[in-house]
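The values are calculated or read from the model by the stated rules, or taken from the named source; none is laboratory data. These numbers come from a predicted model, not from an experiment. Positions of Cβ are backbone-derived with ideal geometry, glycine not excepted, and every protein chain shown enters the neighbour counts.
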Amino acid sequence: MNTTAGARALTVHQTTRPHGFPTPEHFAFVESAVPAPAPGTALVENLYWSVDPYHREMMDGEFALHAPLEGRTIGRVTASRTPDLAEGEIVFHRQGWRTHAVVTPQEVRRLPAFDGVPLSAYLSILGGTGLTAYVALTRVARLRSGEDLYVSAAAGGVGTATARLARVMGAGRIVGSAGSPAKVAHLKEHVGYDEAFDYHKGPAAQLLAKAAPDGLDVYVDNVGGEQLEAAIWSLREFGRIVRVGTVAQYNDPQPLAAPRNLTEIVEKSLRMEGFHVRNHRDLQEELYDFAVPHIQSGRIALDETVVDGFDRIVTAFLGMLRGENTGKMIVRSSAAAGAADAWDRRGPGASGPLEGPLAR
């Protein structure tokens, strides 16, 4: 067991409920001794943290005040009192927003190591973000080859993953919306969008009609509001709407006025369906089987904005809500580089514990 005497742990707590956009004052960093694992558990030093839009919704009531926040996290087992978790092993768990966590074997998922796939990918295209996009396309929209697709919040984690996956699935024209000219250019030049527009430049219905003059088959909705209304106008008969999130409403206490054209859902025989990715975790291995070969070939690139230092996790979260990221927003610890090097040395398909100095 390699606990460090006198070592300190940090956790992030929510201290108050926000009314509108959250600020750093809604959070507190709490210092304590590094916890010791009890029999049947293991201590994990966290290496990568995911900050996600759903955290904002949970701040309104689901997160307990003055308690560590949850979140998707990748960490390294540093001390174990269970034969089911070896020291040095890299695991995924949901006790995020803290530097150290005590976990049971049932609370973690071992991560397979694939040649050429970095650890951060398991929080982006191979994590909950990519799984959300995969479920949206394959299970809800049931995207068919050649169909045209519109994605809102296209420069975010789910938005970039949706375009990457849809392209290799054989989608036709892919259109996205984003919040700045720079992001629009990035989507078209680097992510694979055929067309994109800055939603600040005018009414969404007009901008979308110009970007997709011949109509659309599928809309992956990360925003709601005016862009959902625009998509309803642009969808062809028997089009599908996949509701992933409502970023437009997360920080606004007033209900959204749009969409005001729901009658079109009946008139055009549209289908609108929402889902929670937590109900589709059985598809994780299927996502690996589909996406990993395309990552290894370079056909799917990683879209990530990485912020260094756990002390910047609140800054990263608020920046993500303001749209400062391109792709998935990830926070990385100073120890992550060493873990990634050891991870890479394991070779393709490895799944056992790490070897070498990192495992000691």
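Quick look at the numbers
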{"quantity": "Residue within the stretch 40-56 that is in a loop (DSSP other than H, G, I, E, B), surrounded by fewer than 19 Cβ atoms within 10 Å (Cβ to Cβ) and touching a residue at least 60 places away in the same chain (Cβ under 8 Å) present", "calculated": "yes"}
{"quantity": "Check on E31, assigned to a strand (DSSP E or B), outside the structural domain of V242 (by TED's automatic domain parsing) and modelled with pLDDT of 95 or more", "calculated": "yes"}
{"quantity": "Residue pairs meeting the criteria (Cβ under 6 Å; at least 6 apart or on separate chains; first in contact (Cβ under 8 Å) with a residue 12 or more places away in the chain and under 30 Å from H100 (Cβ atoms), in the stretch 293-314; second in a helix (DSSP H, G or I) and aliphatic (A, V, I, L, M))", "calculated": "L302/A121; V307/A316"}
{"quantity": "Qualifying residue in the stretch 223-231 (condition: modelled with pLDDT of 95 or more and surrounded by fewer than 13 Cβ atoms within 10 Å (Cβ to Cβ))", "calculated": "no"}
{"quantity": "H93 vs. criteria under 22 Å from G128 (Cβ atoms), in contact with a helix residue (DSSP H, G or I) (Cβ under 7 Å, 6 or more places away or on another chain) and modelled with pLDDT of 95 or more", "calculated": "yes"}
{"quantity": "Count - residues of the stretch 141-164 that are more than 18 Å from the chain's Cα centre (by Cα) and either among the charged types (D, E, K, R) or closer than 20 Å to R281 by Cβ (or both)", "calculated": "5"}
{"quantity": "Top-ranked residue in the stretch 186-217 [being touching an Asp or Glu at 6+ places or on another chain (Cβ under 6 Å) and assigned to a strand (DSSP E or B); ranked as surrounded by the fewest Cβ atoms within 10 Å (Cβ to Cβ)]", "calculated": "D217"}
{"quantity": "Any hit, the stretch 268-287, residues being surrounded by fewer than 17 Cβ atoms within 10 Å (Cβ to Cβ), at pLDDT 95 or above and either on the phi > 0 side of the Ramachandran plot or aromatic (F, W, Y) (or both)", "calculated": "yes"}
{"quantity": "Residue within the stretch 151-172 that is touching a Leu at 6+ places or on another chain (Cβ under 9 Å), within 21 Å of R260 (Cα to Cα), outside any strand (DSSP E or B) and polar (S, T, N, Q) present", "calculated": "yes"}
{"quantity": "Any hit, the stretch 87-95, residues being on the phi < 0 side of the Ramachandran plot and among the small types (G, A, S)", "calculated": "no"}
{"quantity": "Residue in the stretch 296-305 that is buried (at least 16 other Cβ atoms within 10 Å of the Cβ), assigned to a helix (DSSP H, G or I) and not β-branched (V, I, T) present", "calculated": "no"}
